[in-house]
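What follows is a short report on a single structure.
The values are calculated or read from the model by the stated rules, or taken from the named source; none is laboratory data. Since this is a predicted model, take the numbers as computed values, not measurements. Positions of Cβ are generated from backbone atoms using ideal geometry, with glycine treated the same way; all protein chains shown enter the neighbour counts. The area values use the complete protein model at the heavy-atom level, side chains included, leaving out ligands, DNA and RNA. Shrake-Rupley method; radii C 1.70, N 1.55, O 1.52, S 1.80 Å.
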Amino acid sequence: MSHSTQRSLHDPDFAGLREILAADGVNPWHTRALWGALHREGSLDLASRTFLPPLQRWIERSVGEGKAYFLDAPELVEEIRSDDGLTRKFLLRLRDGQTIETVLMGYAGRHTVCVSTQAGCAMGCVFCATGQGGFVRHLRPGEIVAQVLHARRVLGEIAPGRRLRNLVLMGMGEPLHNYESVMQALSSIADPGGISIGPSRIAISTVGVVPGILRLAEEKRPYKLAVSLHGSTQDERAALVPVAKRWPLESLIEACREYGKISGKRIFFEWTLIAGKNDSPETASRLAGLLAGIDAHINLIPLNPTGGFAGVESDGTTGEQFQQILLAAGFPCTFRQRRGIDVAAGCGMLRGAGRF
Ligand code: SAH
Ligand code: SF4
């Protein structure tokens, strides 16, 4: 069996796994046991476990080196820990040698995993280390699922008994540029018989891919939506987010209104504060006007420095003033908590450092 025709057992959702077994003449009744081993237990060594004979025989025949199926088990290249040990950033190597980042974040007993959806990113945001490095390829569903399994395994070691409850798609890549694979991975991750992270605790962050936002609404996807806005006029935004030329601010806001109307859900808007670029009181007032009538929460993010961008983060007073204007306009508006690890390596910076 050549490498390229091997398939991942972490790619398919439950129904897909059932089809795989059925196609090989195994009673689909066995799917639950295999799914549970892969997703609920996160086993990476099926051969060492005991299953009922028909499934056991199928695994011996079909899974492993030179056989039809493999398990997605990215290799840990490097791990960075915050001082309190609760936040860990992993650089993981995929089967083809590409590296991606995954972060496990712990706040007061609540644990969140931040995963990548692509190796690199095609959107080119000027302040983002991943964008500066360009696009490499989409991740398969199994490569997304495997990041969650890795983080959960580590959490089991550092805080036994704690559940991984929240997932954010805010790592490397643009989730809505890899729509099908991301949705398939999320179905698997949310499955109550598997990893079981509740859909309302899963947040998709997008740079503003308008057709993807509308599709999420039409398909009634049960996840949270976060939109990275960063600019209150077309020019202000396009200077930071080049894809604003393809999906202009006006059509993005229109899509957000539509999303809100169809889904009835709140939208989270992310705003990376950059001194002199998008942090003035006028910008804050304009932003409040732009979002009028939308059930919006604004999340302010301090800029992490990256090699390819000369901008600097807004000072504290400017940031607080920006927040006050939005609060006064009636919008919930919070600062993203800064953590030790952000200073050591913000998103995309570990891989972007060129050390690997
Ligand atoms: N591609 C998606 C999700 C990944 S980026 C998106 O853009 O939304 C996740 C968040 O990190 C985005 O809001 C992005 O704007 C922000 N971000 C990227 N680089 C940053 C940096 N250097 N400093 C602060 N925030 C950054
Ligand atoms: Fe891609 Fe998001 Fe980075 Fe923009 S901010 S380049 S969309 S990962």
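When residues in the range 224-242 are screened for being out of contact with any Lys or Arg (no Cβ under 8 Å at 6 or more places or on another chain) and surrounded by fewer than 21 Cβ atoms within 10 Å (Cβ to Cβ), 4 of them pass.
Residues Ile100, Ile59: which one is open to solvent by less than 30 Å² (accessible area, probe 1.4 Å) and in a helix (DSSP H, G or I)? Only one candidate passes the filter, namely Ile59. For the range 223-233, the count of residues that are at pLDDT 95 or above and in a helix (DSSP H, G or I) is zero.
Being aromatic (Phe, Trp, Tyr) and at pLDDT below 95 holds for only one residue in Phe268, Phe331, Phe356, and it is Phe356. Selection of the range 247-277 for residues being away from ligand 1 (no atom under 16 Å from the Cβ) and of a type in the set (Ser, Thr, Tyr) yields Ser251, Ser263. Looking across the range 305-319, the residues that are buried (at least 17 other Cβ atoms within 10 Å of the Cβ) and within 16 Å of ligand 2 (Cβ to nearest atom) come down to Thr306, Phe309, Gly311, Glu313. In the range 204-232, the residues that are in contact (Cβ under 8 Å) with a residue 24 or more places away in the chain and on the phi > 0 side of the Ramachandran plot form Cβ pairs under 6 Å with partners that are β-branched (Val, Ile, Thr) and surrounded by 22 or more Cβ atoms within 10 Å (Cβ to Cβ), at six or more places apart or across chains, as follows: Gly208/Val227; His230/Val241; His230/Thr272.
A count restricted to the range 263-292 and to residues that are of a type outside the set (Lys, Arg) and assigned to a loop (DSSP other than H, G, I, E, B) stands at 8. For the range 196-215, filtered to residues that are open to solvent by 10 Å² or more (accessible area, probe 1.4 Å) and away from ligand 2 (no atom under 14 Å from the Cβ), the residue that is nearest to His39 (Cα to Cα) is Ser196.
I'm trying to understand the selection: among the residues of the range 293-304, which are in a loop (DSSP other than H, G, I, E, B) and either open to solvent by less than 30 Å² (accessible area, probe 1.4 Å) or without any contact (Cβ under 8 Å) to a residue 12 or more places away in the chain (or both)?
Ile294, Leu303
Residues considered: Leu9, Leu46, Leu91, Leu17. Of these, the only one that is without any contact (Cβ under 8 Å) to a residue 24 or more places away in the chain and either charged (D, E, K, R) or buried (at least 19 other Cβ atoms within 10 Å of the Cβ) (or both) is Leu17. Out of the residues in the range 294-320 that are in contact with a strand residue (DSSP E or B) (Cβ under 8 Å, 6 or more places away or on another chain) and among the β-branched types (Val, Ile, Thr), which is nearest to ligand 1 (Cβ to nearest atom)? Here the residue is Ile301.
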